[in-house]
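Each value in this text was obtained by applying a stated rule to the coordinates, not by laboratory testing. Since the structure is predicted, the reported quantities are computational estimates derived from the model, not experimental observations. All Cβ positions, even for glycine, are placed from backbone atoms using ideal geometry, and neighbour counts span all protein chains on display.
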Amino acid sequence: MAKPNNKQPAKTVEIYCSSCKFQLFKYRKGGKGSLVKCFKERIVEDFTLVSCICPSCGREFARESLIRGVPALKIIGGKVTVK
């Protein structure tokens, strides 16, 4: 399997918890599709204390995994919003 591109995308999006609207992190997203996975190397600012859990409401919004040999967060559908 191929690794993701080394060149970071220029577009930065903000990711929020869908239930309490707390900002979870800023992420360099490539493409125009929905947010399915977040590669950890592309996270610009992380506002979470424990990985994959919202610090405000305590809800799990993602699961840690390896995608193409690179650490990533697989987003659970409907748990986050992107702006």
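May I ask you to derive the relative contact order of the chain, considering only C-alpha pairs under 8 Å and at least 6 residues apart, and to give it as an integer percent? Walk me through the numbers on the way to the answer.
Working: 151 pairs, mean separation 27.0, N = 83.
That works out to 32 percent.
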To the nearest 0.05, what FRET efficiency results for Lys21 and Met1 with a Förster distance of 35 Å applied to their C-beta separation?
0.45
Mind listing the phi-derived Karplus ³J(HN,Hα) values for the range 3-12, rounded to whole Hz, using 6.51, -1.76 and 1.60 with θ = phi - 60°, and x for any glycine or proline?
7, x, 4, 6, 6, 6, x, 7, 6, 10
Might you list the cysteines of the chain that have no disulfide-compatible partner by the rule of another cysteine's Cβ under 4.7 Å?
Cys38, Cys52
Once amide H atoms are built 1.01 Å from N in the peptide plane, which residues 5 or more positions from Val80, or in another chain, come under 5 Å H to H?
Ser18
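Only four residue types carry charge here, +1 at the Cβ of Lys and Arg and -1 at the Cβ of Asp and Glu. Report the dipole size of the chain about the Cα centre in Debye, rounded to the nearest 20.
Numbers: 17 positive and 6 negative charges, 79 e Å.
Here the chain has a charge dipole of around 380 debye.
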Apply the Karplus curve 6.51 cos²θ - 1.76 cosθ + 1.60, θ = phi - 60°, to the phi angles in the range 13-29 and return the couplings in whole Hz, x for Gly and Pro.
10, 9, 10, 10, 5, 6, 8, 10, 6, 7, 6, 8, 6, 9, 9, 8, 9
Links exceeding 19 Å between C-alpha atoms in this model, out of Lys3/Lys79; Lys7/Lys37; Lys3/Lys83; Lys29/Lys83, come to Lys3/Lys79; Lys3/Lys83
Karplus (6.51, -1.76, 1.60) ³J(HN,Hα), θ = phi - 60°, over the range 62-75, in Hz, Gly and Pro reported as x
7, 10, 6, 7, 10, 10, 6, x, 10, x, 8, 10, 8, 6
